[in-house]
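First the structure, in the form of structure tokens, and then the observations on it.
The values are calculated or read from the model by the stated rules, or taken from the named source; none is laboratory data. In this text the structure is predicted, and so the values were computed from the model without any measurement. Note that each Cβ is placed from the backbone with ideal geometry, even for glycine, and that neighbours are counted across all protein chains shown. What goes into the accessible areas is simple: the full protein's heavy atoms, side chains included, and nothing from ligands, DNA or RNA. Shrake-Rupley method; radii C 1.70, N 1.55, O 1.52, S 1.80 Å.
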Amino acid sequence: MMIRNVLGSVVALVGAAAAVFSPFRIWYDGRHGSAYRIQDLFTGITNARPDTAASILIPFAVAAAITVIGVLLRSRLLVLLAGVITIAFTVLWMVQVGRVQHGLTLSGNGTGLDVGVAIAWAGGILLLIGAALMSGRKRRPRRVGREYAAPASSGPDNTGRISSSDLPEDLTAPPERGPGRPGEPGQWGPRE
């Protein structure tokens, strides 16, 4: 279980690094991802050139921060959220550019989609894979009265003991006193 957490964490951190790195690469027609304003993702792509603090780097940096917190807390949900944010903003960018350009193209001569988009997609997918690989935190048993109860199952607790609530009803009832058996003292009857 620990190996899964370590492997998932490493994959998730690589994905987060790729997502943050992607805006510094060319995304479309020789334009870097950091040259797109974050509001352009919602209102339409313009030729305005923002500073880095107002570019689409912001959602990817937020996703990376969520990833780091998720890895530290061993939270699959947070890492999954970071992957969804990365992919969602990449798709949103593709939709807006597609509207302006009347479609997206992919060519090898420097026009159309470029390596920055591929890196953003790879980062988002790695984040999702990292979340799937992580086993998350192990639930600790809750303390109920004097005994520990298993979190979501009935059966022996972590100490190997079985509580009376885990036994069938006929085994938890006190034994009936009968006539006794020969040679047995105590509640089974007198010795003969």
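Once all protein chains are placed together, ARG99 keeps about 150 Å² accessible to a 1.4 angstrom probe. If the viscosity is 1.002 mPa s and the temperature 20 °C, what translational diffusion coefficient in µm²/s does Stokes-Einstein give for region 47-102 when Rh comes from Kirkwood over Cα pairs? Rounded, D is 172 µm²/s.
A simple count of charges around GLY33, restricted to other residues whose Cβ falls under 10 Å of its Cβ and scoring Lys, Arg +1 and Asp, Glu -1, yields +1. Ordered from largest to smallest accessible area (heavy atoms of protein chains, 1.4 Å probe), the residues ILE38, ILE3 come out as ILE3, ILE38. Between rounded, prolate and oblate, where does region 1-127 land on the alpha carbon gyration tensor, with a ≥ b ≥ c its root eigenvalues, rounded for a/c under 1.5, else prolate if a/b exceeds b/c? Prolate. Across region 14-136, C-alpha contacts under 8 Å between residues 6 or more apart give a mean separation that, scaled by the residue count, equals a relative contact order of 37 percent. Take every pair of alpha-carbon atoms less than 8 Å apart whose residues are at least six positions apart; their mean separation over the length of region 51-121 yields a relative contact order of 23 percent.
Maximal additional length on extending the GLN101-ILE69 stretch stands at 7.8 nm, based on 0.36 nm per residue less the C-alpha distance.
Rounded, prolate or oblate: which fits region 66-133 when a ≥ b ≥ c are the square roots of the eigenvalues of the alpha-carbon gyration tensor, with rounded for a/c under 1.5 and prolate only if a/b beats b/c? Note, shape of region 66-133 comes out prolate. Residues ARG31, ARG137, sorted by accessible area with the largest first, give ARG137, ARG31 [1.4 Å probe; ligands and nucleic acids excluded].
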